[in-house]
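Read the structure below first, then the notes.
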Amino acid sequence: MDNEANIQTGRCRCTPPDLLNRVRIGDPTPNPPIRSTRARVDALLYEHRLAQALFENGFEQMHTVSVSGGADKFHLLRLGSYADQNGVIRYANDNNKRYQLRLNYDYDFSRRIRLKRALA
């Protein structure tokens, strides 16, 4: 897919055609072992540049506020939270925002009967 996108925009191929052909025919080891040190360094630099082009640092933040209280027979918990995540893929809209509200309460009618309720 990356090769096709590059060809359509007039840029160079990322993956050599002979490697693509070996993958298409089901070669179990399409990448032959690299013999020379210079070729290994070139391959590592290529992978590093490719990773830099595709990925970036992600960021995540999360904030939570909770309030609880009550009396002898009645207890209440209120919770609100916000989460924001920016993903690591450079060319995608992979942001995720999440809001959460929660209300828990319980009431003791007697020592044996208790009403519990959670709303989220």
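FYI, it's all coordinate maths here, none of it is from the lab. The structure presented is a predicted model; accordingly, all values stated were derived computationally and were not measured. Please note: Cβ atoms are built from the backbone with ideal geometry, for glycine as well, and neighbour counts cover all protein chains shown.
Within the chain, what's the longest stretch lacking trypsin sites (Lys or Arg not before Pro) that sit in DSSP loops with no more than 15 other Cβ atoms inside 10 Å? Present the calculation step by step, with values, prior to reporting the outcome.
Values: sites that count: R11, R13, R35, K73, R90, R111, R112.
Result, exposed sites excluded: 36-72.
Label points 7 Å out from Cα along the Cβ direction at R111 and N57: separation in nm?
Result: 6.0 nm between the two label points.
Using a 7 Å offset from the Cα along the Cα-to-Cβ direction at both D42 and S81, what is the distance between the two label points in nm, to one decimal?
Between D42 and S81, the label points sit 5.1 nm apart.
On average, how much area does the Cα convex hull of region 59-119 cover when viewed from any direction, in nm²?
Working: hull surface 20.8 nm².
So the mean shadow area of the Cα hull is 5.2 nm².
Based on other C-beta atoms within 10 Å, arrange M1, M62 from fewest to most.
M1, M62
Which ³J(HN,Hα) values, rounded to whole Hz and listed in residue order, are derived for region 90-103 from phi using the Karplus coefficients 6.51, -1.76 and 1.60 in 6.51 cos²θ - 1.76 cosθ + 1.60 with θ = phi - 60°, glycine and proline given as x?
Along region 90-103, the couplings run 5, 10, 9, 8, 10, 7, 9, 10, 9, 10, 9, 10, 9, 9 Hz.
For D27, D108, D72, what's the fewest-to-most ordering of other Cβ within 10 Å of each Cβ? Intermediate values should be presented prior to the final figure.
On the way: D27 12, D108 16, D72 6.
By the 10 Å Cβ count, ascending, the order reads D72, D27, D108.
What do you get for the angle between helix 37-54 and the principal long axis of the chain? Use alpha-carbon atoms, 0 to 90 degrees, nearest ten.
Helix 37-54 sits roughly 40 degrees off the main axis of the chain.
Compute the distance in nm between two label points, each set 7 Å from the Cα along the Cα-to-Cβ direction, one at Q100 and one at E4.
Distance between the two pseudo-spin positions: 3.9 nm.
Given the chain, what whole percent of its Cα pairs are spread farther than 20 Å?
Beyond 20 Å sits 70 percent of the P(r) for the chain.
Out of the chymotrypsin sites (Phe, Trp or Tyr not before Pro) in region 74-109, which ones are loop residues according to DSSP with at most 11 other C-beta atoms within 10 Å?
Filter output for region 74-109: Y91, F109.
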